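These notes are about the structure you will find just below.
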Amino acid sequence: MTRTLLPDIHTPETLAALADAVLAVLADWGVAPARQVELLGLSAPPTPGQPLPDDPGVLERAGHLLGIERALKRRHPDDPAARHAWLMLPESGLGAQPPLRVMLDGIEGIRRVRSLLETGTAAPGRGM
């Protein structure tokens, strides 16, 4: 097997670290536990310290959510309130829907929000 610099994502330790990271992001965004379940595609609320399920769909969602946070931090490096506000306010690039609402539509919505942020097509005048 080829060795890489990346850790094996499927170990319990890595899955627990990923869970902690994504739960911290969702808490910073002010996402309620019931909505966290929806965003991550889980059947029950995640518990801090518990690993995420080793499920490709859950892992993809977690990766995109962390990517969204990274993109928001690039745009608002010193302003967590602006990152939170961007998620809650209508966004013209998403049909005037708030990004969080779009993300709650499922993996396609999460991908749309990440793409919008990473392509730089989010509405100007909102700190973008």
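The values are calculated or read from the model by the stated rules, or taken from the named source; none is laboratory data. Predicted, not measured: the structure shown is a model, and the values here were computed from it. Glycine also receives a Cβ, built like all others from the backbone with ideal geometry; neighbour counts cover every protein chain displayed. Surface areas here come from the heavy atoms of the whole protein model, side chains and all, with no ligands, DNA or RNA. Shrake-Rupley method; radii C 1.70, N 1.55, O 1.52, S 1.80 Å.
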Could you tell me which trypsin sites (Lys or Arg not before Pro) in the stretch 44-128 are loop residues by DSSP with no more than 15 other beta carbons within 10 angstrom of their beta carbon? Arg126
For the chain, what does -39500 (n - 2.57) per DSSP helix run (n ≥ 4), summed and divided by total residues, give at 222 nm, in deg cm²/dmol to the nearest 500? -17500 deg cm²/dmol
Using the Kyte-Doolittle scale, which helices in the chain average at least 1.0 and also have C-alpha atoms spread 20 Å or more along the helix axis, with helices defined as whole DSSP H runs? 12-28
How much accessible area per residue does the chain have, counting only protein heavy atoms and a probe of 1.4 Å, in square angstrom? 55 Å²
With a 1.4 angstrom probe the carbon and sulfur portion of accessible area for the stretch 1-124, in percent, totals 59 percent
With unit charges on the beta carbons (Lys and Arg positive, Asp and Glu negative) and the dipole taken about the Cα centre of the stretch 6-58, which residue among Gly30, Pro48, Pro12 sits farthest to the positive side? Gly30
